[in-house]
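Take a look at the structure below.
What follows draws every value from the coordinates through simple rules; no lab data is involved. Since the structure is predicted, the reported quantities are computational estimates derived from the model, not experimental observations. Cβ: placed from backbone, ideal geometry, glycine included. Neighbour counts: every protein chain shown.
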Amino acid sequence: AKEAGRNNVQFYTPEVNAQHIRRLFIADGLRRALEQNELQLHYQPKIRAGCGRIIGVEALLRWTLPDGVHIAPDEFIPVAEDTGLILPIGQWVLKQACTNIVKWRAHANPNMRVSVNLSARQFKNQDIVSQIKKTLEDAQCPADALELEITESVLMERPDQVTSTLRTLHDMGIRLSIDDFGTGYSSLSYLRNFPIHELKIDRSFIEDITQDESHAAIVKAIITLAHSMKLTVLAEGVETEAQLHYLRNERCDHLQGYFFSRPLPGQALEELLLAGAEI
Ligand code: C2E
Ligand code: CA
Ligand code: CA
Ligand code: CA
């Protein structure tokens, strides 16, 4: 009883209460953010390690309040998930991304792809396949211009159920990538059954790749694993030349990170593409 009492008291500590208020504030703001154009997509280039060409971009949400304050996706995406607002927001992201990639393919780079992050809630939604199909049609976007990034933890939560959704998306011609790979304890037997194209090594392993031997070993193992399964592999969060050299040497296919470019507003990304930038 004493323990329970203590826990009850803990609920009312100022810290917990402040967090609660912050979440209510975010949930309330998000409801209006979409309608009031407070949400924006930024695009971060993905680079082919061998030649330095831009092969695609990842669409990343940005939220700016009317007073200019930014709220980070790591803070508002979980709230959007809990409230279900991720469904209309995710639909908006898909539409924006598909519309823009069609434009950039026509003007700048005909083979480029856009990668869109799918949250757990979106992925489990029954209508996800038909929604994506319709969005592609409306934007006249070829399916192979779209890549979906789904985190390892979402896939491994219910690996049997997700396989059929993945297969449908794969058969439509959409590319599938496992995000945050290495953090979610994939079962290798499931991994073999998922119809995926790319493993995206989590930034936490790349961060200290040149100092921490165990992380370097994990990265090497993931690259070998991917290639043995005929998958491509991307390293995210590349910030230094030393990391670039290391990853290139280990035959990592694709790279992404501040060393090449931060996520950019659509207009700035378009200028980069038009400049024919080979970073
Ligand atoms: P993520 O999908 O793992 O995205 C990678 C994050 O790393 C992004 O943060 C990106 O800006 C950041 N990043 C890229 N290169 C570097 C680097 O070299 N160094 C460092 N330190 N960071 C780098 P961001 O944009 O804040 O997004 C955070 C997370 O929010 C994303 O993680 C993703 O899980 C989620 N998210 C963002 N946009 C969307 C969206 O449209 N839909 C969904 N469902 N989730 C999204
Ligand atoms: Ca991602
Ligand atoms: Ca990631
Ligand atoms: Ca992440």
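Overview of results
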| item | result |
| --- | --- |
| Unit charges at the beta carbon, dipole of segment 125-279: most positive-side option, PRO265, LEU136, ILE206 | LEU136 |
| Gaussian network model of the chain, Cα within-10 Å springs - most flexible of THR13, THR83, THR232 | THR13 |
| Cα-projected label distance for THR99 with ARG251, points at 7 Å along beta-carbon direction, nm | 4.3 |
| Whole-number percent relative contact order across segment 1-144, with pairs defined as alpha carbons under 8 Å at least 6 apart | 20 |
| Lys pairs under 20 Å by Cα in the chain, provided they are eight or more residues apart or on distinct chains | 15 |
| Order by protection proxy (mean Cβ within 10 Å, highest first), peptides 263-272, 65-74 | 263-272, 65-74 |
| Length gained when the stretch LEU65-ASN193 is fully extended (0.36 nm per residue, less Cα-Cα span) | 41.8 nm |
| Helix runs (DSSP H) in the chain reaching 18 Å along axis by Cα, Kyte-Doolittle at least 0.0 | 86-107, 213-228 |
| Ordering of 105-115, 20-30 by packing [mean C-beta count within 10 Å, highest first] | 105-115, 20-30 |
| Extended-chain gain in nm, criterion 0.36 nm per residue less alpha-carbon gap, MET172 and ASN37 | 45.5 nm |
| Top of GLN44, GLN211, GLN256 by mean-square fluctuation, Gaussian network on the chain, Cα under 10 Å | GLN211 |
| Cysteines not pairable in the chain (beta carbon separation under 4.7 Å absent) | CYS51, CYS252 |
| Contour minus Cα-Cα distance for ALA18 and GLU239 (0.36 nm per residue) | 76.1 nm |
| Sorted peptide list for 131-140, 95-104, criterion being average Cβ within 10 angstrom, highest first | 95-104, 131-140 |
| Length-normalised contact order of the chain in % [C-alpha pairs under 8 Å, at least 6 apart] | 19 |
| Inter-label distance, nm, simple model (7 Å from Cα along the C-beta direction), ALA221/ALA27 | 4.0 |
